[in-house]
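Asks: One structure follows; several queries about it will come next.
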Amino acid sequence: MFWYEPDVQGVEKRKELVNDPKTLFYGSSSIRLWDSLYKDFEEFKPLNMGFGGSTLAACIVYLERLMAGLNPDIIVLYAGDNDLGDGRHPEEVLIFFKQIIIDLRKRFANIPILYVSIKPSIKRFNIIDQIRFTNKIIASEIKKMDDNVFFVDIFEKMLDPNRFPNRLLFQAEGLHINEKGYAIWTQIIKDFMLQHNIKLR
């Protein structure tokens, strides 16, 4: 996984710039490219820990290294999108998801972990059914876990009236979301945190 190294080093540099972050946003480029993240979640003392192209498998590999020295109150996780894009089956993604929760629990005990559902995208519309199924089995698995693991559904709000990924929410390449997309993510995640009383200790 050496190809991740430049982006992983970028996360390590960002760690040095944020004093005692309390909400870790960990995952793929959908996190890394969230330029307004620090403003959007300012009251939650966020740290952007996204690294481009990362899969759930890569998030597991780099977890110990990147989480070292951190003491968060909340973790927001977005990954799985690229696993499916690379040809992995939904059941494989589920296995990786279960493992990363185990690893996060070992390191951070029972803090809230919010898993953001895999988004629909124009570029990956050919695997939309796999995305739906992966979200479904991860959501079902979360129901079996402890009460501090949550499934945050952003999928439905990113569809247009014809049930196609809403072009207004995506960059021109059809994979990554734009400012409007991130505004929707911010609202959904904040509403969810309020509804479930998820806050800093």
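Asks: Among PHE2, PHE51, which is closer than 26 Å to LEU169 by Cα and either touching a residue at least 12 places away in the same chain (Cβ under 8 Å) or more than 13 Å from the chain's Cα centre (by Cα) (or both)?
Replies: Values: PHE2 fails: closer than 26 Å to LEU169 by Cα.
Going through PHE2, PHE51 in turn, just one is closer than 26 Å to LEU169 by Cα and either touching a residue at least 12 places away in the same chain (Cβ under 8 Å) or more than 13 Å from the chain's Cα centre (by Cα) (or both): PHE51.
Asks: Further question: Determine which member of the set ILE118, ILE127, ILE142 is among the β-branched types (Val, Ile, Thr), at pLDDT 95 or above, within 28 Å of TYR62 (Cα to Cα) and over 18 Å from the mean Cα position of the chain (by Cα).
Replies: Working: ILE118 fails: over 18 Å from the mean Cα position of the chain (by Cα); ILE142 fails: over 18 Å from the mean Cα position of the chain (by Cα).
Answer to the selection: ILE127.
Asks: Next up: Within the range 131-145, is even one residue more than 19 Å from ASP40 (Cα to Cα), in contact (Cβ under 8 Å) with a residue 24 or more places away in the chain, touching a strand residue (DSSP E or B) at 6+ places or on another chain (Cβ under 8 Å) and polar (S, T, N, Q)? Let's see the steps before the verdict.
Replies: Quick first cut of the range 131-145, residues more than 19 Å from ASP40 (Cα to Cα) only: 131-145.
Keeping just the survivors that are in contact (Cβ under 8 Å) with a residue 24 or more places away in the chain gives 131, 133-134, 137-138, 141-142, 145.
Narrowing the set further to residues that are touching a strand residue (DSSP E or B) at 6+ places or on another chain (Cβ under 8 Å) leaves 138, 142.
Of the ones still in play, those that are also polar (S, T, N, Q) are none.
Within the range 131-145, none of the residues are more than 19 Å from ASP40 (Cα to Cα), in contact (Cβ under 8 Å) with a residue 24 or more places away in the chain, touching a strand residue (DSSP E or B) at 6+ places or on another chain (Cβ under 8 Å) and polar (S, T, N, Q).
Asks: Checking the conditions here, which among LYS106, LYS15, LYS39 is among the basic types (Lys, Arg), out of contact with any helix residue (DSSP H, G or I) (no Cβ under 7 Å at 6 or more places or on another chain) and surrounded by 15 or more Cβ atoms within 10 Å (Cβ to Cβ)? Lay out the reasoning, then the answer.
Replies: Details: LYS106 fails: surrounded by 15 or more Cβ atoms within 10 Å (Cβ to Cβ); LYS39 fails: surrounded by 15 or more Cβ atoms within 10 Å (Cβ to Cβ).
Going through LYS106, LYS15, LYS39 in turn, just one is among the basic types (Lys, Arg), out of contact with any helix residue (DSSP H, G or I) (no Cβ under 7 Å at 6 or more places or on another chain) and surrounded by 15 or more Cβ atoms within 10 Å (Cβ to Cβ): LYS15.
Asks: Considering only residues of the range 18-36 that are hydroxyl-bearing (Ser, Thr, Tyr) and surrounded by 18 or more Cβ atoms within 10 Å (Cβ to Cβ), which is nearest to ILE177 (Cα to Cα)?
Replies: SER30
Asks: Quick one: how many residues across the range 50-66 are farther than 20 Å from TRP34 by Cβ and buried (at least 20 other Cβ atoms within 10 Å of the Cβ)?
Replies: Going through the range 50-66, the residues farther than 20 Å from TRP34 by Cβ turn out to be 57, 60-61, 64-65.
Okay, now just the ones that are also buried (at least 20 other Cβ atoms within 10 Å of the Cβ), so 57.
Residues flagged as farther than 20 Å from TRP34 by Cβ and buried (at least 20 other Cβ atoms within 10 Å of the Cβ) within the range 50-66 amount to 1.
Asks: Mind checking whether some residue in the range 172-185 is under 20 Å from LYS39 (Cβ atoms), loosely packed, with under 14 Cβ neighbours inside 10 Å, touching a residue at least 40 places away in the same chain (Cβ under 8 Å) and under 18 Å from the mean Cα position of the chain (by Cα)?
Replies: Yes, there is a match, as at least one residue in the range 172-185 is under 20 Å from LYS39 (Cβ atoms), loosely packed, with under 14 Cβ neighbours inside 10 Å, touching a residue at least 40 places away in the same chain (Cβ under 8 Å) and under 18 Å from the mean Cα position of the chain (by Cα).
Asks: Select, from VAL116, VAL76, the only residue that is out of contact with any Ser or Thr (no Cβ under 7 Å at 6 or more places or on another chain), under 24 Å from ASP191 (Cα atoms) and crowded, with 18+ Cβ neighbours inside 10 Å.
Replies: Numbers: VAL76 fails: out of contact with any Ser or Thr (no Cβ under 7 Å at 6 or more places or on another chain).
One residue alone meets the criteria, VAL116.
Asks: Out of the residues in the range 79-96 meeting the condition of being buried (at least 23 other Cβ atoms within 10 Å of the Cβ) and hydrophobic (A, V, I, L, M, F, W, C), tell me which one is nearest to GLY50 (Cα to Cα).
Replies: In this case the residue turns out to be ALA79.
Asks: A further question follows. Considering only the range 152-168, state which residues are surrounded by 18 or more Cβ atoms within 10 Å (Cβ to Cβ) and farther than 18 Å from ILE127 by Cβ.
Replies: VAL152, the sole residue that qualifies.
Asks: All but one of (1) part of a helix (DSSP H, G or I); (2) in contact (Cβ under 8 Å) with a residue 40 or more places away in the chain; (3) surrounded by fewer than 17 Cβ atoms within 10 Å (Cβ to Cβ) hold for GLY69; which doesn't?
Replies: (1)
Asks: If you don't mind, there's one more thing I want to ask. From the list ILE184, ILE138, which one is touching a Phe, Trp or Tyr at 6+ places or on another chain (Cβ under 7 Å), of a type in the set (Val, Ile, Thr) and in a helix (DSSP H, G or I)? Give the derivation first.
Replies: Details: ILE184 fails: touching a Phe, Trp or Tyr at 6+ places or on another chain (Cβ under 7 Å).
Result of the check over ILE184, ILE138: ILE138.
The values are calculated or read from the model by the stated rules, or taken from the named source; none is laboratory data. Predicted model only: the values in this text are computed from it and were never measured. For neighbour counting, all protein chains shown are included, and Cβ atoms are generated from backbone atoms with ideal geometry for every residue, glycine included.
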